[in-house]
Amino acid sequence: MSQVLPLPGAAAPVDAGTLAEQIFRTLQSAIVTGEIAPGSKISEPELARQHGVSRGPLREALHRLEGQKLLVRVPHVGARVVSLSHQELIELYEIRESLEGMACRLAAERMAPARIDELRRVLQAHERDEGYQAGRGYYLQEGDDDFHYRIVQGSGNLMLFRMLCDELYQLARMYRVRFSALPNRPRQAFAEHHRILDAIADRDGELAEILMRRHIRASRLNIEKQIAQGNLTRREA
């Protein structure tokens with residue numbers, strides 16, 4: 001059965017563009033946080049009927065979600081929420097390790113001091129987060145409140161930003177959310193973030209790249225360890 005969520009402000013009349021944006025944001029959030037499970041079928045007629053919208057705004061929203069790699073089209077089935085295989089997940093982490101490592105090196109060379117101060121405030125917010133304090137996971141806000149996003153932004157490389165913070169960003173967030181509470185990972189990741197930030201602040205691009213690559217590799221290896229121990233199935237990963 002398809003899983004759908006109510007849209008905010010459904011009673012107020014809105015134009016097609018605003019409605020498409022509402023649908024897009026609602027579905028995006030539900031997919032990334034796991035409220036709509038990986039592999040779930042997305043029924044256009046059901047969504048349109050439940051929310052009282054025409055197929056035009058709905059299809060626009062679904063098309064945008066496809067562009068973010070959160071939905072895939074399956075022949076004779078229709079749209080489904082993406083569910084990466086184990087191999088595809090490893091490949092995603094390998095891409096992140098390489099490209100975010102490069103972004104970190106460039107950020108150390110190019111990031112303005114004020115931006116580095118803002119990045120430090122992101123880590124301070126992370127440390128105050130209730131979920132982190134309770135050991136449930138590490139800070140996983142998006143955009144300017146995301147440590148990784150800020151670093152890619154600080155690289156000053158527009159093509160790299162488009163690849164990591166547009167095309168692959170929400171897909172990567174989806175799996176970061178899913179695995180954020182694996183045993184021992186939250187505090188380890190937080191400590192790694194601090195070391196990365198110190199290298200950026202010291203303008204040591206080589207060290208910053210090495211530390212970011214190690215950070216993402218550690219996440220991947222932790223996921224693989226959990227799978228090997230049977231704590232995660234390959235289907236869940």
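The values are calculated or read from the model by the stated rules, or taken from the named source; none is laboratory data. Just so it is clear, the model here is predicted, and its values are computed rather than measured. Here the Cβ positions follow ideal geometry from the backbone for every residue, glycine too, while neighbour counts run over all protein chains shown. Remember, those area values only see protein heavy atoms, side chains included, never the ligands or the DNA or RNA. Shrake-Rupley method; radii C 1.70, N 1.55, O 1.52, S 1.80 Å.
A few remarks follow.
- Number of residues in the range 193-237 that are open to solvent by 20 Å² or more (accessible area, probe 1.4 Å), modelled with pLDDT of 95 or more and under 18 Å from residue 99 (Cα atoms): the value is 9.
- For the range 60-73, the set of residues classified as open to solvent by less than 30 Å² (accessible area, probe 1.4 Å) and either among the hydrophobic types (A, V, I, L, M, F, W, C) or at pLDDT 95 or above (or both) consists of 61, 62, 65, 70, 71, listed by residue number.
- For beta carbons closer than 6 Å, sequence separation of 6+ or different chains, a first residue in the range 102-126 that is modelled with pLDDT of 95 or more and a second that is of a type in the set (Gly, Ala, Ser) and surrounded by fewer than 17 Cβ atoms within 10 Å (Cβ to Cβ), the qualifying pairs are 110/156; 116/201.
- Positions within the range 127-139 being within 15 Å of residue 191 (Cα to Cα) and either at pLDDT below 75 or in contact with a Lys or Arg (Cβ under 8 Å, 6 or more places away or on another chain) (or both), in sequence order: 132, 133, 135, 137, 138, 139
Here is a yes/no grid of residues against (1) under 30 Å from residue 220 (Cα atoms); (2) open to solvent by 20 Å² or more (accessible area, probe 1.4 Å); (3) touching a His at 6+ places or on another chain (Cβ under 9 Å):
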| site | (1), (2), (3) |
| --- | --- |
| 43 | no, yes, no |
| 58 | no, no, yes |
| 75 | no, yes, no |
| 88 | yes, yes, no |
| 92 | yes, no, no |
| 99 | yes, yes, no |
| 106 | yes, no, no |
| 109 | yes, yes, no |
